[in-house]
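Asker: Pasting in a structure now, in structure tokens, and then I'll have a few things to ask.
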């Protein structure tokens with residue numbers, strides 16, 4: 001049979017349908033691409049999981065180290081508290097020993113100082129801690145001044161202040177002055193610097 005084209009245009013060619021072989025190749029390529037992507041994702045997930053496990057192990061180790069260091073810190077603080085308590089007891093014992101021996105040295109130093117001054121008599125003295133209050137009489141104000149000088153030279157007394165010095169009006173047959181002094185009593189070894197005490 002003869003066919004005549006009356007339109008005068010070329011007749012479109014019929015498209016060739018893809019064969020089963022071409023469609024299969026596209027599916028294979030798609031499956032290979034998906035497999036590669038899945039493999040890459042799996043490998044990446046494995047690397048991330050390995051890094052996460054390492055980080056968790058490091059965190060666990062750091063937490064264990066922190067707990068151990070906290071125990072060490074608590075032990076050090078307890079040792080420091082024990083040391084401070086022992087040092088306080090030692091200081092109290094030393095202070096008691098100084099006070100026990102200081103009374104004898106105070107009386108000796110005061111007696112020696114008074115005997116170096118002519119025409120001066122001690123009538124009373126009192127002690128409150130290291131602070132002394134001394135009362136006495138003398139034949140002249142020069143004797144009182146000499147007594148203050150001897151107290152300073154003894155090395156046992158400092159911060160000496162005269163709070164009262166007047167003529168005793170009760171005694172009319174002789175000129176007598178009464179005085180009242182305050183001073184601090186300190187053992188000479190307590191005045192030494194710590195470094196000097198360590199060398200002695």
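Just so it is clear, none of the values below were taken in a lab; they were calculated from the coordinates. Note that this is a predicted model, so its numbers are computed, not measured. As a convention, Cβ positions derive from the backbone with ideal geometry for all residues, glycine included, and neighbour counts pool all protein chains shown.
Asker: So the label point goes 7 Å from the Cα of residue 186 along Cα→C-beta, right? Which residues of segment 102-130 then have their backbone N under 13 Å from it?
Answerer: 130
Asker: Grab the beta carbon distance between residue 172 and residue 115, set R0 = 22 Å, and tell me the FRET efficiency rounded to 0.05. If you can, show how the numbers build up before the last one.
Answerer: Details: r = 28 Å, r/R0 = 1.29.
So, using R0 = 22 Å, E works out to roughly 0.20.
Asker: May I pose another question? Any chance you could run the full-extension gain for residue 165 through residue 152? It's 0.36 nm times the residue separation minus the Cα-Cα distance, nm to one decimal.
Answerer: Residue separation times 0.36 nm, minus the Cα-Cα distance, leaves 2.8 nm.
Asker: What share of all Cα pairs of segment 30-192, in percent, falls into each consecutive 10 Å distance bin?
Answerer: Reading the bins upward from 0: 9, 22, 14, 9, 8, 7, 7, 6, 6, 5, 4, 3, 1, 0.
Asker: Using 0.36 nm per residue of separation minus the Cα-Cα distance, give me the extension gain between residue 38 and residue 25 in nm, one decimal. Each step should come with its number before you reach the end.
Answerer: Details: separation 13, 0.36 × 13 = 4.68 nm, distance 1.96 nm.
Here the answer is 2.7 nm.
Asker: For residue 103 and residue 70, what is the calculated FRET efficiency with R₀ set at 30 Å and r taken between the beta-carbons, to the nearest 0.05? Before the final figure, lay out the partial values.
Answerer: On the way: r = 50 Å, r/R0 = 1.68.
It comes out at approximately 0.05.
Asker: Hey, with R₀ at 41 Å, roughly what FRET efficiency would residue 55 and residue 89 work out to, going by the Cβ-Cβ distance, to 0.05?
Answerer: 0.20
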